[in-house]
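What follows is calculated from the coordinates using simple rules that are stated; it is not laboratory data. All figures in this text were calculated on a predicted structure; none of them were measured in a lab. Because the Cβ atoms are built from the backbone with ideal geometry, glycine has one as well, and the counts that use them run over all protein chains shown.
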Amino acid sequence: MILLPRGNPVKEKIDPGKINLPEALRKLQSGTFTGYLRFETKTGTGVVIFEAGSLISALFEWARDGERLVNEAAFERIFEQSLAGGATLDIYRLSTELARSIHALLHGEVLYKGQDLKLIDIKALLAKLKEDQMSGCLRIYTKEHVALIFYRDGNPLGFFHDGSTDIETTAGHSMSVAREPGAKIDVLLATNNGEGGAVNLLQTIDLLSVWQKIQDGVVRQRRTLVEEANRSKEAVEKDRQQKVLALLRGTAEKHIGKIGISLVDKEFDKTLPLGADTLSGFYDRLTKAAKLVAGPSTVKTMVEEMQKGLGAFLK
Amino acid sequence: MNWELLQVAFWLIAGIVSFYFSLGTARVWTSIAVGFFLILVGEVIPRAMPFLPWADLPQVEAMGLIIGTISIMVMTHGFQEYYVFSKTLEIEGKKSTVYLGTLAVIAASLVFILINPLPDSATLELIKIVSLTNWVFLSLINIDMIRKIFINIKDSPISKGFLAFIAIFVFIFLWKGAALYIRIYELDTLRETYPFRYNLSFMVSHAGNILASLSVGGTFLYLARLLR
């Protein structure tokens, strides 16, 4: 799971399957948006980071094994999972510096992960960070909240917590996360301190083609699922018809002989699909023909036995 | 022994039973039952000639013979329809068509007789031979057709009734076949020369008649029981 504080919400809990994602990303580009988009899907989390309208990062992390996909592969998964349904999209505004820092740390290295805060010697950890002049962040989190403490060259830069737009210099809210029960800490190293211009992925990736490809795949998959469901439904219905026919044939043979089987076979074809109305017509036709080989009382008994036997199949 | 009185009595019962049977059953049975009923009409008319003032008219005798021919054709038509049903399982048509169609054929025959010269004895003899020939050959055809029907509906409740019909047509074949034999070879005029042939054919014809009437009445009563 990609743990990031929520930032300043622009929009939350959107269904990304209902919007044209390439179009939405183009609008963010033209609006010189800075911040990140978080896609929470059934199979993982996707994060897309903008800096002044430039799409600088796209990342998807699989929930099952933590494997990460970046750039075009990440977009393929994000689009696929969005169209599959059950995903949510949150958009948060950030400052440029914060956006770059997030980008740097997401593509960086995890030094320590999921350590229980109570068991960590924080002072020793901070001393080591300073000694090694590390750049990155400490991520402190519980189930509900996340806070980041950024470091550059071993020196603390500031804090990022839920609702922030920029790196803050006061601990306050961030440290309150550390005091929550069950708080854990990750230590992440950044790749390039968040400096330097990142490539605008909107210019290197043809998002429209990726989107079209994924849409076509989803449509194909849905069609296959519908066809399989129909086939399965057809198979169940066919099985039901065979059972009904076997029951009718057996009852007819018992009362009026082998000619009864022939009569049932002939009239049954006109009875599909099975239903109360069609069966009523079946009984009428069968009765009329059966009266040529048996008496009315025998035919009536036969039909009543058929109706009783078919009661279960028609429920 | 008054064969003829006995025969009329038995055919009266058989005819009433078969006509009554035709009323309460499906169309295909109507043809068969009406056909057997018409045998009664064909038997009663010649027998009534000594007793009824108009009965000895040649046209009446001719109509009696023609109605006899119509009867075997109607019942053959009925068995054909039943055979088609036993093979294809298709049934169609109305009962009223059978009644009206039969009446129409009888009416047309009556018109034919009335518009033509009065039939003399030779004409009547020819009409009789045509009638007997129809009976003989259609009886054989019906025996085979009923046999096939029986195979198709072998284990149905009504199948045994068809075995009874085979017996009826065997008796009818003997009855009409013997009568035709007598007529073809004019054994009634040559009875002195061929007494055995004549007497045997005479006995077979009359016995076949009685057995046929008994079996018709009995068969329709049996069928009514099977089709209850």
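Structural remarks
- Per residue, chain A reaches -15500 deg cm²/dmol at 222 nm when only DSSP H runs of four or more residues are counted, each adding -39500 (n - 2.57).
- The long axis of helix B:195-226 is offset from the longest Cα principal axis of chain B by roughly 30 degrees.
- Reachable aspartates and glutamates from residue A:300, criterion Cα separation under 16 angstrom, eight or more residues apart if same chain: A:253, A:284
- Every helix of 4 or more DSSP H residues in chain B counts as -39500 (n - 2.57), and over all residues that averages to -29000 deg cm²/dmol at 222 nm.
- Straight-line cross-link reach from residue B:148 at under 16 Å between alpha-carbon atoms covers these aspartates and glutamates, not counting any fewer than eight positions away in the same chain: B:81.
- Normalised contact order of chain B, rounded percent, pairs of Cα under 8 Å and 6 or more residues apart: 23 percent
- Order of A:110, B:170 - criterion: other Cβ atoms within 10 Å of each residue's Cβ, fewest first: A:110, B:170
- 0 to 90° range, to nearest 10: angle between helix B:95-115 axis and chain B longest Cα axis: 20 degrees
- Sequence-distant contacts, meaning Cα pairs under 8 Å at least 6 residues apart, place the relative contact order of chain A at 16 percent.
- Relative to the longest principal axis of the Cα atoms of chain B, the long axis of helix B:3-23 lies at roughly 30 degrees.
- Shown for A:61, B:4: other C-beta atoms within 10 Å of each C-beta, ranked fewest to most, produce the order B:4, A:61.
- Arranged from fewest to most other beta-carbon atoms within 10 Å of their beta carbon, A:94, A:105, B:126, A:119 become A:119, B:126, A:105, A:94.
- The alpha carbons of the protein assembly as shown give a radius of gyration and a Dmax of 50.3, 153 Å, in that order.
- When the Cα atoms of chain A are aligned to their principal axes, the ranges along those axes come out at 106, 45, 27 Å in descending order.
- Between residue A:287 and residue A:313, residue separation times 0.36 nm minus the direct Cα-Cα distance comes to 7.3 nm.
- Shown here is the pair-distance distribution of segment B:1-149: with all Cα-Cα distances grouped in 10 Å bins from zero up to the longest one, the shares run 11, 36, 36, 14, 3, 0 percent.
- Set A:238/A:291; A:18/A:233; A:288/B:87; A:118/A:143; A:13/A:118; B:95/B:128 screened for pairs whose C-alpha atoms are more than 26 Å apart: A:238/A:291; A:18/A:233; A:13/A:118; B:95/B:128
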